[in-house]
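The values are calculated or read from the model by the stated rules, or taken from the named source; none is laboratory data. A quick note: this is a predicted structure, and the numbers were derived from the prediction, not measured. All Cβ positions, even for glycine, are placed from backbone atoms using ideal geometry, and neighbour counts span all protein chains on display.
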């Protein structure tokens, strides 16, 4: 290794105090904002509505295990300067096929976004009924394209972070206002037990546990996008590459390796804080539903959970509380749309670059990026306008791409131990164990979700 001086180091020293650390939390904020509007908004309140406080123990279990697979996906890029997708493409076909699986997953994820778009429009419509769901979908898509089309990570970060904290503060207020209802049953709910059946999801017992494991915490779109958020934030090995400096991992100085290891720790704490926020948010959503829908004996299904909760808040606390709840939903769902749309489009842009598109044809990265975000917006909008079957589309998306997150976790763990520089390979055995556990369970839950999703499709289509 080279013995360059500290003044010549090509990799900056990682944040050393809280203020500096928070200045690099942006990727985690965007990831968290992207995630909470997905499975958490839909599945978590269904658990509270059907089960009350029973089963709430699943929230900390799931959020604090899945996050370690996510951590190693981001850590790999920060340690090597290659996103896990770039690294997969350079491997043999034993791993390279996962590259195309993830790449094509952008289309499948766009199908799943139809549900998020419909939810967002429905929440807007509840706030302003004079404008139809169709027009709200069009307005939402145009707003999303305007934001993401600026190709500004900083804008995405600021907007998503603002929406995230608005959402968290408001849903915490709504939940805590009902604490006298759910509080007495909290202790018993935190004791592990096999949950009952949730008809709104069509599962119970271990099947419900597997479904929650797939829906709560890191999902496919936000998980993949997080890697590109970290790249655009210019962390670790992404820094010299962003400055156009050629760097070889075998030519790193001892100081640069020390800095990289520090950046790896920053990624860990980013993910730990993110998982804490996801756990707290999910807790508030579950308890709010348990204190309202469950107490009233209302068992919603599919996308009726948000309107049902808003109606209960109106009855119990007045219109102001329903408006607050709907505002939190709108904030979460819109952040779910813009974050992954940006991240998945960056993924496609880099994937086309790997195939030499920009060298072979007179087309720019910006053009491909903007064409991709239009594609990812048109797919869910068209499906909603012409099919009007968000449940089927959600089920189809899950069935086609269920085990992807688990496969990514296991693949990146293998590559992390193949970096060739021992000091940059994972060293926390407990974190490695949790990441492997999360990957295996995600594959199992993914296959299970695929099977149940196909059954849902058959039922909804009357087959």
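I'm trying to understand the selection: among the residues of region 242-264, which are surrounded by fewer than 16 Cβ atoms within 10 Å (Cβ to Cβ) and closer than 30 Å to residue 109 by Cα?
If the condition is that a residue be surrounded by fewer than 16 Cβ atoms within 10 Å (Cβ to Cβ) and closer than 30 Å to residue 109 by Cα, then 242 is the only one that fits.
Please work out which one of (1) surrounded by fewer than 24 Cβ atoms within 10 Å (Cβ to Cβ); (2) touching a residue at least 60 places away in the same chain (Cβ under 8 Å); (3) more than 29 Å from residue 186 (Cα to Cα) is the condition residue 94 fails and give its number.
It is condition (2) that residue 94 fails.
Take residue 203 and tell me if it is surrounded by 14 or more Cβ atoms within 10 Å (Cβ to Cβ), closer than 30 Å to residue 379 by Cα and over 21 Å from the mean Cα position of the chain (by Cα).
Yes: the conditions hold for residue 203.
Has region 282-291 got any residue that is in contact with a helix residue (DSSP H, G or I) (Cβ under 7 Å, 6 or more places away or on another chain) and closer than 30 Å to residue 107 by Cβ?
Yes, some residue in region 282-291 is in contact with a helix residue (DSSP H, G or I) (Cβ under 7 Å, 6 or more places away or on another chain) and closer than 30 Å to residue 107 by Cβ.
Find the helices (runs of 4 or more DSSP H) located wholly in region 299-384 whose residues include 1 or more that are out of contact with any strand residue (DSSP E or B) (no Cβ under 6 Å at 6 or more places or on another chain) and at pLDDT below 90, and list them.
Of the helices (runs of 4 or more DSSP H) lying wholly inside region 299-384, those with at least 1 residues that are out of contact with any strand residue (DSSP E or B) (no Cβ under 6 Å at 6 or more places or on another chain) and at pLDDT below 90 span 305-317, 319-354.
Condition check: modelled with pLDDT of 85 or more and either farther than 17 Å from residue 224 by Cα or buried (at least 20 other Cβ atoms within 10 Å of the Cβ) (or both). Does residue 99 satisfy that?
yes
Select from region 62-84 the residues that are surrounded by fewer than 23 Cβ atoms within 10 Å (Cβ to Cβ) and within 17 Å of residue 405 (Cβ to Cβ) and list them in ascending order.
Those that are surrounded by fewer than 23 Cβ atoms within 10 Å (Cβ to Cβ) and within 17 Å of residue 405 (Cβ to Cβ): 64, 65.
Find the residue count for region 244-275, including only residues that are part of a loop (DSSP other than H, G, I, E, B), closer than 18 Å to residue 79 by Cβ and either out of contact with any helix residue (DSSP H, G or I) (no Cβ under 9 Å at 6 or more places or on another chain) or without any contact (Cβ under 8 Å) to a residue 60 or more places away in the chain (or both).
2
Picking from 113, 138, which residue would you name as being surrounded by fewer than 20 Cβ atoms within 10 Å (Cβ to Cβ), assigned to a helix (DSSP H, G or I) and in contact (Cβ under 8 Å) with a residue 40 or more places away in the chain?
138
For residue 131, all conditions in the list (1) part of a helix (DSSP H, G or I); (2) closer than 24 Å to residue 374 by Cα; (3) over 24 Å from the mean Cα position of the chain (by Cα) hold save one; what is the number of the exception?
(1)
Has region 218-233 got any residue that is closer than 26 Å to residue 404 by Cα, under 16 Å from the mean Cα position of the chain (by Cα) and not in a helix (DSSP H, G or I)?
yes
If you scan region 187-207, which residues turn out to be under 20 Å from residue 287 (Cβ atoms) and either touching a helix residue (DSSP H, G or I) at 6+ places or on another chain (Cβ under 8 Å) or part of a loop (DSSP other than H, G, I, E, B) (or both)?
Answer for region 187-207, where residues must be under 20 Å from residue 287 (Cβ atoms) and either touching a helix residue (DSSP H, G or I) at 6+ places or on another chain (Cβ under 8 Å) or part of a loop (DSSP other than H, G, I, E, B) (or both): 190, 191, 192, 193, 195, 196, 198, 200, 201.
Which condition number in (1) in a helix (DSSP H, G or I); (2) at pLDDT below 85 is the one that residue 59 fails?
(2)
Residue 151 is checked against (1) part of a helix (DSSP H, G or I); (2) under 27 Å from residue 347 (Cα atoms) and fails just one. What number does that condition carry?
That leaves (1) as the condition not met.
Can you tell me which residue within region 163-186, out of those that are crowded, with 18+ Cβ neighbours inside 10 Å and closer than 17 Å to residue 315 by Cα, is farthest from the chain's Cα centre (by Cα)?
Step by step, filter region 163-186, then rank; the result is 181.
Give me the pairs: first residue in region 389-412 and closer than 9 Å to residue 450 by Cα, second residue modelled with pLDDT under 80 and part of a loop (DSSP other than H, G, I, E, B), beta-carbon distance under 7 Å, and six or more apart or on different chains, which are they?
none
Identify, from the list 326, 333, 278, the residue that is touching a helix residue (DSSP H, G or I) at 6+ places or on another chain (Cβ under 6 Å), in contact (Cβ under 8 Å) with a residue 40 or more places away in the chain and more than 20 Å from residue 216 (Cα to Cα).
Within the list 326, 333, 278, the selection yields 326.
Test residue 394 against the criterion of being part of a helix (DSSP H, G or I), touching a helix residue (DSSP H, G or I) at 6+ places or on another chain (Cβ under 8 Å) and modelled with pLDDT of 80 or more, and give yes or no.
No.
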